[in-house]
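Reviewing the structure listed below.
The values are calculated or read from the model by the stated rules, or taken from the named source; none is laboratory data. None of the values given here were measured: they were computed from a predicted structure. Note: ideal-geometry Cβ built from the backbone for every residue, glycine included; neighbour counts use all protein chains shown. We work out accessible area using only protein heavy atoms, side chains counted, and drop any ligands, DNA or RNA first. Shrake-Rupley method; radii C 1.70, N 1.55, O 1.52, S 1.80 Å.
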Amino acid sequence: GVPGGTALGQAFGWRSTFFVVVALGLVATAAIVKLVPRQPAPKAVPLAGEFRVLLRGQVLLGMLMSGVMSGSLFATYTYIAPILRDVTGLPPSATTWVLLVFGVGTTIGVLAGGRLADWKLMPSVIVTFAAIIAIFLVFYVTSPSPVAAIATIFLWGGINFACGAPLQVRVVTMARDAPNLASTLNQSAFNLGNAGGAWIGASALTMGVAYRELTFVAAAIAAVGLVAAIVSYSMDRRPAP
């Protein structure tokens, strides 16, 4: 979607992307109406009871990790076009193809993340956060070289998105009494991280941080997620009272 939208914007202006999104939304709505089977209404749960789940420390830690994971991504990814142009030296026309490489990496990462969630959930989250920090530091080194930068961007997409499914499973599992609300709010945490990461990146640029140095900002954000993951895992391992 991102490389496609970028190509449309470059070819026909940024408004064209929004028209295409509207068309895709109509097609998706028609597909849902036609293909998704009707389900019986679930047993009603008092809304206050569902919100009480949010008072659980593990649920809050899970949502914090989700937001931080997205925030670390978008602190740099929001500005990937000027990074590729000014740091890597690629022409604007190459941005679409690099984003496509990133998208292939994210697809592989999502599939791998599902496997990791089934295998060892929290150890996988901890290792993935550590790998996210490492890949940002690597990108600082490789970003001036086109080949090395593109290879790093591919790995970056895979590593970052491998964390998504385990975090979603983590939040829903910890909020098993209200999985629908928890799942919904966790998506909000991801989106809050998207906006927050872009804002942090913009603030850093305003203060004089160079595009290339945004990788350090992103690594610092991911470090918060790593600490939260370690704390959450240690809470799991404490003996029950």
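As a ratio to 2.2 N^0.38 Å, the alpha-carbon radius of gyration for segment 154-241 is 1.32.
Counting only trypsin sites (Lys or Arg not before Pro) that are in a DSSP loop and have at most 10 other C-beta atoms within 10 Å, tell me the longest site-free stretch of the chain. Counting at most 10 other Cβ atoms within 10 Å as exposed, the longest clean stretch of the chain is 44-175.
Set the Cα radius of gyration of segment 105-150 against 2.2 N^0.38 Å, with N its number of residues, and you get 1.38. Only Lys, Arg, Asp and Glu carry charge here, each on its Cβ (+1 for the first two, -1 for the last two); on that basis the chain has a dipole of about 540 debye about its Cα centre. The overall shape of segment 25-85, judged from the alpha-carbon gyration tensor, is oblate: a/c is not under 1.5, and a/b is no greater than b/c. Extension gain, LEU35 to VAL227: 0.36 nm times the residue separation minus the Cα-Cα distance gives 64.9 nm. Solvent exposure of THR173, expressed as accessible area, is near 60 Å², computed with a probe of 1.4 Å over the protein chains only. In the full protein context, the chain carries 55 Å² of accessible surface per residue, based on a 1.4 Å probe and ignoring ligands, DNA and RNA.
Largest GNM mean-square fluctuation across VAL36, VAL104, VAL141, computed for the chain with C-alpha springs under 10 Å, falls on VAL36. With an a/c value of 1.5 or above and a/b larger than b/c for the gyration tensor axes a ≥ b ≥ c computed over the alpha-carbon atoms, segment 38-175 is described as prolate. Atom-type composition of the exposed protein surface of segment 1-117 places 74 percent of the accessible area on carbon and sulfur (1.4 angstrom probe). Each of ALA148 and MET207 was given a label point 7 Å from its Cα along the Cα-to-Cβ line. The distance between the two points is 2.8 nm. Considering every alpha-carbon pair of the chain, the percent of pairs per 10 Å bin, from zero through the bin containing the longest distance, is 7, 27, 33, 23, 9, 1, 0.
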